[in-house]
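Worksheet for the structure shown next.
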Amino acid sequence: MTIDWVVKLRHLLQTLAFCLTVATLQYAFAPDHPYAPPVVYSLLIGVITWAVIDLGREFMPSARETGWPLGWQGFALVACGILAGWFVGTHTADLICRTFRLYGPWGRIHSASDLRADILITLIAGTIGSYWFYARNKSAYLLRRMREAERHANDARLKLLETQLEPHMMFNTLANLRALIGVDPVRAQQMLDHMIAYLRATLDASRATTHSLRAEFDRLHDYLELMAIRMGPRLSYVLELPPELADVPVPALLLQPLVENSIKHGLEPKVEGGRIEVRARRDGRHIVIEVCDSGVGANGHKGSGKGFGLVQIRERLAALHGPQASLDFATDPGGAQARIALPLAA
């Protein structure tokens, strides 16, 4: 059994605040009497009641949802706590008040009405306090379950997005391979070898939602080598990854759609081809990845800001990081630029 003493201390402080409130209310109804006795009685009765209930439940089988004993045991524990708080707290408080002469000139009042009022206050306060802690525990449990369900839903959503994205990339690659077989079988064979290596790396990466930025750049290198076989000297590329960012986790297959977009809409329509540059850098608490091409720019990328790949990237970033991550896409006569910003892990 492991007790979280930080949580227990927080519960104790909340109990003390509640007891002081009760004592203040009692004094408000009898301002001509000393304030000290109600404070002493309230604090001792409340702390003893809290100790019996909150510490005692750690030694009893408890419900996972609430952390409280099951069935009649929970009611029995609350009843025992209130009774112990009343008897032990009352006698201890009386001893302290007599010893330090806190009663004032009136002395302790033993009237039946005052006794009934004190018992009623103890019963009501003990019940309210117990129910408050019970409700707080249950709310905390439900909040944990909700966050866990949300996390699983995000994981499932990311997996769905990946299953949609990978066939899209494979279709493009196989279509390119089919076209190359009839034109240049030797280069088609080389392309097939690169594709096998790329698929092997992709299979390893598909077993996780995220992987290192180094792995993402390695896969991107394999893909660009595939495209270089088909496009020849019309395609050149640069990949820049600072060593200190190599192990930063990123969503798997994050950059692939951006490079595909640059090739399909930027470089392929351009007779002389062009250049693709992929760079990663740190910007404060974010990592920024830029994919730029020197293709036809706005003439070829028209409307592609809402294309399949870019939509998938935005949805994946939103599922993983919410508003902390972003994808910006722009074109000009000199090409297209995509910029991804991701928060760095604390």
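The values are calculated or read from the model by the stated rules, or taken from the named source; none is laboratory data. Because the structure is a prediction, the values reported are computed rather than measured. Cβ: placed from backbone, ideal geometry, glycine included. Neighbour counts: every protein chain shown.
What to note about this one:
- Applying the condition of being under 30 Å from the mean Cα position of the chain (by Cα) and assigned to a helix (DSSP H, G or I) to region 209-242 and asking which residue is nearest to residue 288 (Cα to Cα) yields 213.
- Only residues that are loosely packed, with under 14 Cβ neighbours inside 10 Å and modelled with pLDDT of 75 or more were counted in region 169-180, giving 4.
- Residue within region 3-13 that is among the aromatic types (Phe, Trp, Tyr) and either touching a residue at least 12 places away in the same chain (Cβ under 8 Å) or in contact with an Asp or Glu (Cβ under 7 Å, 6 or more places away or on another chain) (or both) present: no
- Put simply, of 259, 278 the only residue that is closer than 17 Å to residue 309 by Cβ, modelled with pLDDT of 90 or more and in a helix (DSSP H, G or I) is 259.
- Only one of the listed residues (85, 81, 104) is crowded, with 19+ Cβ neighbours inside 10 Å, of a type in the set (Gly, Ala, Ser) and more than 40 Å from the chain's Cα centre (by Cα). That residue is 85.
- Residue count for region 189-208 satisfying the condition of being modelled with pLDDT of 70 or more and either within 27 Å of the chain's Cα centre (by Cα) or not hydroxyl-bearing (Ser, Thr, Tyr) (or both): 11.
- Being more than 30 Å from residue 320 (Cβ to Cβ), modelled with pLDDT under 80 and assigned by TED's automatic domain parsing to the domain that holds residue 23 is a property that residue 115 has.
- Residue count, region 128-146 (criterion: within 18 Å of the chain's Cα centre (by Cα), surrounded by 14 or more Cβ atoms within 10 Å (Cβ to Cβ) and of a type in the set (Lys, Arg)): 0
- Remark: pairs (first residue in region 132-147, closer than 24 Å to residue 17 by Cα; second residue small (Gly, Ala, Ser) and surrounded by 12 or more Cβ atoms within 10 Å (Cβ to Cβ); Cβ separation under 7 Å; 6+ apart in sequence or on different chains) = 137/67.
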